[in-house]
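Please treat every number below as a calculation from the coordinates, not as lab data. Quick caveat: nothing in here was measured; it's all calculated off a predicted structure. Note that we place each Cβ from the backbone using ideal geometry, even for glycine, and neighbour counts take in every protein chain shown.
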Amino acid sequence: MKILLVEDEPGISSMICEGLEDAGYSVDTEEDGEKGLQTAIDGNYQLIILDVMLPSRDGWSICETLRLQRNRVPILMLTARDTVQDRVHGLDTGADDYMPKPFDFRELMARVRALIRRDKIHKSRTLRVADLEIDTLERKVRRAGEAIHLSHREYDLLYALAARPGAILTREMIQEGVWMNEDAFSNTVNVYVGMLRKKVDAGHDVKLIQTVRGIGYSIVAPGRGDSGSVEHDTTIAN
Ligand code: CA
């Protein structure tokens, strides 16, 4: 667990740094805004703690620049004043949380833990089956890196199948799970699977959606037989 702390007041910096290290984190520190931004870009951090008032570039600008570069590392801002304007500004620039100074160190630690935990949960919410990726938080789907646009129902159906790769879902199970039994037409499932196939499998050599004759449907990763697995993505930190 590596944390970057950008803070120009030596007393505060060493206090936070020592506390974080005592808690088992490894900490890099910068005192200058420009250097802090560069270190944030170059390093692979689990969290960045940013002071607002810094020499050469302020914390808001660092935060904004990282977000413009699609860097999604959790950012905790240390703000001098707790005003509504500051908070709104913080959220606008893409900070995840902020801590008004002076602060209680235990509260800072609690926020650090919460941000890292939230980030882990967020990252573990990408389902992968072969080259199919489902971002379950954003409800976005990609295959071989290309976005696939699905209707609400199509997404729910794909999710039901992909959440248990290799498992066979009967039409009844799908009807119950995706349509909540509200639709009595048993052909609906078949029609939706057909539409999903067009969007997910058409144009790809490997067909992920399998029909199990007389039983139902399944998503199977190639070469995995019926032992497909869900991989938790831990690589999209930035
Ligand atoms: Ca400062």
Label E146 and D97 with points 7 Å out from Cα along Cα→Cβ: what is the distance between them in nm? 4.1 nm
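Between D8 and A110, what is 0.36 nm times their sequence separation minus the Cα-Cα distance? Round to one decimal in nm.
Numbers: separation 102, 0.36 × 102 = 36.72 nm, distance 2.25 nm.
Taking D8 through A110 to full extension adds about 34.5 nm, to one decimal.
At 4 °C and a viscosity of 1.567 mPa s, what translational diffusion coefficient does Stokes-Einstein give for the stretch 126-232, taking Rh as the Kirkwood radius over Cα pairs? Give it in µm²/s as a whole number. Could the numbers behind the result be given before it?
Values: Rh = 13.8 Å.
It diffuses with D of about 94 µm²/s by this estimate.
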Place a +1 charge on the Cβ of each Lys and Arg in the chain and a -1 charge on the Cβ of each Asp and Glu, then give the dipole magnitude about the Cα centre in debye, rounded to the nearest 20. 1380 debye
Karplus-derived HN-Hα couplings along the stretch 134-140 (A = 6.51, B = -1.76, C = 1.60, θ = phi - 60°), whole Hz, x at Gly and Pro: 10, 8, 6, 7, 8, 6, 10
The chain - percent relative contact order, Cα under 8 Å, separation 6 or more: 15 percent
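Expressed in nm to one decimal, what extension gain is obtained for the pair Q85 and M173 from 0.36 nm per residue of sequence separation less their Cα-Cα distance?
Working: separation 88, 0.36 × 88 = 31.68 nm, distance 5.05 nm.
Using 0.36 nm per residue and subtracting the Cα-Cα distance, I get 26.6 nm.
Give, as a single signed number, the net charge of other residues whose beta carbon lies under 9 Å from the beta carbon of L5, with Lys and Arg counted +1 and Asp and Glu -1.
-4
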Treat the count of other C-beta atoms within 10 Å as a stand-in for reagent exposure and order S124, S151 from fewest to most. S151, S124
Ordered by number, the trypsin sites (Lys or Arg not before Pro) in the stretch 121-160 that occupy a DSSP loop and have at most 14 other Cβ atoms within 10 Å are R125, R139
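Under the classification rounded if a/c is under 1.5, otherwise prolate if a/b is larger than b/c and oblate if not, where does the stretch 2-122 fall, given a ≥ b ≥ c as square roots of the Cα gyration tensor eigenvalues? It would help to have the intermediate numbers written out before the result.
On the way: a/c = 1.14, a/b = 1.09, b/c = 1.04.
Rounded.
If each residue's Cβ is checked for other Cβ atoms within 10 Å, how do V6, V193, V212 rank with the fewest at the top? Don't jump to the answer; show the numbers that get you there.
On the way: V6 25, V193 20, V212 12.
Going from least to most buried by this count: V212, V193, V6.
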Compute the helix-to-body angle for 105-123: its Cα long axis versus the longest principal axis of the chain, expressed 0 to 90° and rounded to tens. 30 degrees
Value of relative contact order over the stretch 2-122, rounded to a whole percent, pairs C-alpha under 8 Å and six or more apart: 22 percent
Rounded, prolate or oblate: pick one for the chain, where a ≥ b ≥ c are the square roots of the eigenvalues of its C-alpha gyration tensor, a/c under 1.5 means rounded, and failing that, prolate if a/b is larger than b/c, else oblate. prolate
Among T93, T211, M15, pick out the residue whose Cα is farthest towards the positive end of the charge dipole of the chain, where Lys and Arg carry +1 and Asp and Glu carry -1 on C-beta, about the Cα centre. T211
How many nm separate the modelled label positions at D58 and D32, each set 7 Å beyond the Cα in the direction of the Cβ? 2.0 nm
In what sequence, highest mean first, do 58-67, 99-108 appear when ranked by Cβ atoms within 10 angstrom? 58-67, 99-108
